[in-house]
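Accompanying notes for the structure given below.
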Amino acid sequence: MDKLSILPNGPLEGRIPISGAKNSALKLMAASLLCEQPLVLTSMPNLADTRFMAKLLQNLGVVVEWPTGEALCRMDAANITSTIAPYDLVRKMRATFNVLGPLLARVGHATVSLPGGCAIGARPVDLHLKAFEAMGADIVIEEGYVKAAALRGLKGAHINFPFVSVGATEHAMLAAVLADGETTLENAACEPEIGDLAICLNSCGAKITGYGTPTIHIQGVARLSGTRHDVIADRIEAGTFAIAAAATGGNVFLDGARAEDLGALIDALRKAGVTVEVEPKGLRIKRNGGGLVAVDIDTRPHPGFPTDLQAQFMALMTIAEGTSTIRENIFENRFMHAPELSRLGANIIVRGNEAIVKGVPKLKGAPVMATDLRASVSLVIAALVAEGETTVNRIYHLDRGFERLEEKLGRCGAKITRQGDSA
C-alpha cells in the first residue's frame, strides 16, 4: 500500500491547474446511460473513482473510449446489455449507485447493489428511492440489492425533499428527464455540480429549468441524444490548494478556479488574513508571511461552507492564532482526521458535531493515517508546514479524488515523495 513522505520546504509558489470536478464527472458519466448517442466529456479528471465508474459502465454495455492520460472520455450507450450493477462494482464507491435512476428511466428496470464509499457516517439512499417511487417505480430491497421496475415508464411527480441532499437531487434529475410529464423537485440542492449536470442534460435534449435554486422543474422527453460537454472545474480541489497555499504562506495561482463556486471559503480565508485575488482565469492566493487568525466555520449546503473542505480548513486553523470552532452539520463522524492532526501536535477537542481548534505555534512531523478522502488531504496540508518528516499512510483515499496531487504541489516547491509499502 502506497504512502506519502512529506518534508516542509517553505511557501508554495507557482501555478496549479484545476482539474474537472470529480463530483460532477461521476454523475455525468452515469448520464451517458440515458443517451442514445455518444456523450463526450472533456476536462475529465483521471482518478481512481472515475476509472472505476467507467468499468461499471462497460459492464452495463457502454462502449467507453478513454485513453490513458487523456482528459477526454467518450461513452456510447446505444446498446445497454445489462441492468445489473453487482456488489463488487458498487461497494467501493457511493456514486456508482447513480446508475439506478438512468437504467430505470431508459430500460424500465434495474438491479443495483446498495452503495459503499468513505466511512463518514450514514448516508442513506432512502430519499433516492422515495423519489423513484413517487415517479411510479416499484422498489424492493433484497439481500443488499435494490430491485426497481417501471415497466410502463416513469411518470412526472412533485417531490419535496425533507432535507437538502445533493445526491438525491442529482439522482432524481437523472430519472425524471425521461419520465412522462413534469417533475418538480422542492428543497433541491443548489451545488454547482447540479447545474453542470443540468446543462449537460439540456444539451442532450432534456428540459430542465430552475437548477441553482431550491425548485427545479423537469419536463420529461421521449429520448436524449448525445453531446460534448466540458466538466466544470473542481471547486473542492481548488479550495484544497487554496488552503495549502494559505497554510504555507505562499503565492499560488489556481488556474481555472471559479470564484463564484467558492464564496464561503473565500470569505473565511480573507477573515483568516489570507489575500484572495479574483483574476479573469482563476484565483490567486497569497499570505506573504502574514500571520493567520482563527475563524469559526459551520458547514452548510451550498452556498454555505462545503463539508468537503472542512477537514482542510481545520488543518489551516491548527496553526492560526486564537481558537476556532468548526461545526459539521452535513455528515456525522466526519472528524476522524482530528486525532491524526493531533499526532502532528495540533490542539483539537471534539464534542459531538463541534471541534474546538486552538492554534499552536508549530506542528511536528509524525506517521499518520488517512481515514477518508478529504481527511487524507488535510494531513498533507498539515505536513507541508510541520517540522520534520510526515508519513501519510493509506493514501488510496487521495487517489480517489485528487489528480496528480504530488506533481501539482511539487511544481510549487513541495517535497512530496510517493513510496510503496508491502504492509
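Each reported figure results from applying straightforward, stated rules to the coordinates on display, with no laboratory input. What you see is a predicted model, and the numbers here were worked out from it, not measured in a lab. Don't worry about glycine lacking a Cβ; one is built from the backbone with ideal geometry, like all the others, and counts go over all protein chains shown.
General observations
- Taking the centroid of alpha carbons for each part, the range 63-90 and the range 178-207 are 22 Å apart.
- Measuring nothing but how far apart in sequence close Cα pairs (under 8 Å, 6+ apart) lie, relative to its length, the chain scores a relative contact order of 21 percent.
- Zone of THR184's modelled label, taken as backbone nitrogen in the range 205-242 under 14 Å from a point 7 Å along Cα→Cβ: 209-210, 214-219
- Label-to-label distance, nm, for residues given as ASP298 and THR209 (7 Å Cα→Cβ offset): 3.4
- Per residue, the convex hull spanned by the alpha carbons of the range 242-364 comes to 90 Å³.
- Table column - 3J(HN,Hα) (Hz), the range 203-218, Karplus curve with 6.51, -1.76, 1.60, x for Gly and Pro: 5, 7, x, 6, 10, 10, 10, x, 5, x, 10, x, 10, 10, 10, 10
- Coil-residue trypsin sites (Lys or Arg not before Pro) of the range 32-128, DSSP, other Cβ within 10 Å capped at 12: none
- Spin-label zone in the range 391-423 - amide nitrogen under 13 Å from a point set 7 Å from the Cα of GLU13 along the C-beta vector: 412-414
- Under 10 Å, Cβ to Cβ, from LEU344 - net charge with Lys/Arg +1 and Asp/Glu -1: +1
- Beta bridges by DSSP in the chain, antiparallel share as percent, to the nearest 5: 70
- The length gained by stretching the chain between SER82 and SER5 to full extension, at 0.36 nm per residue less their Cα-Cα distance, is 23.4 nm.
- Fewest-first ranking of CYS190, CYS412, using other Cβ atoms within 10 Å as the exposure measure: CYS190, CYS412
- Neighbours of SER32 by Cβ distance under 13 Å: Lys/Arg scored +1, Asp/Glu scored -1, total +1.
- Shown here for the range 338-389: trypsin sites (Lys or Arg not before Pro) in loop regions (DSSP other than H, G, I, E, B) with at most 14 other Cβ atoms within 10 Å, namely LYS362.
- Applied to the range 327-333, the Karplus parametrisation 6.51 cos²θ - 1.76 cosθ + 1.60 on θ = phi - 60° returns per-residue 3J(HN,Hα) values of 10, 9, 10, 9, 10, 7, 6 Hz, with x for Gly and Pro.
- Between helix 48-59 and the chain: long-axis angle, C-alpha atoms, 0 to 90°, nearest 10: 20
- For ASP230, distant residues with modelled amide H under 5 Å away: THR42
- Formal net charge of residues neighbouring ASN160 (Cβ-Cβ distance under 13 Å; K, R +1; D, E -1): 0
- Note on HIS109, HIS128: ascending count of other Cβ atoms within 10 Å places them as HIS109, HIS128, the fewest first.
- Kirkwood Rh in Å, taken over the range 22-230 so that all alpha-carbon pairs contribute: 16.6
- From the alpha carbon centroid of the range 224-278 to that of the range 363-423 is 20 Å.
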